[in-house]
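Asks: First, the structure itself, so that you have it in front of you.
The values are calculated or read from the model by the stated rules, or taken from the named source; none is laboratory data. Since we're looking at a predicted model, the values are computed, not measured. Cβ atoms come from the backbone with ideal geometry, glycine included; neighbour counts cover every protein chain shown.
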Amino acid sequence: MDQPKNMNHNEVLRIKLEVLKREHRDLDEAIRALQDAPAVDHLTLKRLKKQKLVLKDRIAAIEDELTPDIIA
């Protein structure tokens with residue numbers, strides 16, 4: 001039986017980062033579609049935008065963690 005490969009912390013973060021970026025793109029498309037709708041649901045639109053900002057913050061935090069600190 002094959003044993004699963006043990007992933008290190010950075011590999012796990014990279015996978016999480018890709019998932020979050022995909023969710024962010026999906027939310028962007030949903031927001032655009034909702035804005036183009038004839039009857040705009042402003043409450044839903046506001047919630048989606050807030051969710052998108054939360055994802056953006058989580059993406060930035062992971063990217064910061066993956067970027068090595070370089071002391072010049």
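Asks: Any chance you could count how many residues in segment 27-72 are under 26 Å from residue 10 (Cβ atoms), among the hydrophobic types (A, V, I, L, M, F, W, C) and assigned to a helix (DSSP H, G or I)?
Replies: Adding up the residues that qualify gives 9.
Asks: Could you tell me whether segment 32-46 includes any residue that is in contact with an Asp or Glu (Cβ under 8 Å, 6 or more places away or on another chain) and at pLDDT 95 or above?
Replies: Residues of segment 32-46 that are in contact with an Asp or Glu (Cβ under 8 Å, 6 or more places away or on another chain), as a first pass: 34.
This time we only want the ones that are at pLDDT 95 or above, so: none.
Among the residues of segment 32-46, not one is in contact with an Asp or Glu (Cβ under 8 Å, 6 or more places away or on another chain) and at pLDDT 95 or above, which makes the answer no.
Asks: Suppose we filter segment 4-55 for residues that are polar (S, T, N, Q), over 16 Å from the mean Cα position of the chain (by Cα) and under 26 Å from residue 66 (Cβ atoms); how many remain?
Replies: The initial filter retains those residues of segment 4-55 that are polar (S, T, N, Q), namely 6, 8, 10, 35, 44, 51.
This time we only want the ones that are over 16 Å from the mean Cα position of the chain (by Cα), so: 6, 8, 10, 35, 44.
Those still in the list that are under 26 Å from residue 66 (Cβ atoms) too: 6, 8, 10.
Total meeting the criteria: 3.
Asks: Something else now. State whether one or more residues within segment 54-61 are in contact with a helix residue (DSSP H, G or I) (Cβ under 6 Å, 6 or more places away or on another chain), basic (Lys, Arg) and surrounded by 10 or more Cβ atoms within 10 Å (Cβ to Cβ). Working first, answer last.
Replies: We begin by selecting, within segment 54-61, every residue in contact with a helix residue (DSSP H, G or I) (Cβ under 6 Å, 6 or more places away or on another chain); these are 55, 58-59.
Applying the additional criterion that residues be basic (Lys, Arg) yields 58.
Filter again for surrounded by 10 or more Cβ atoms within 10 Å (Cβ to Cβ), leaving 58.
The answer is yes; a qualifying residue exists.
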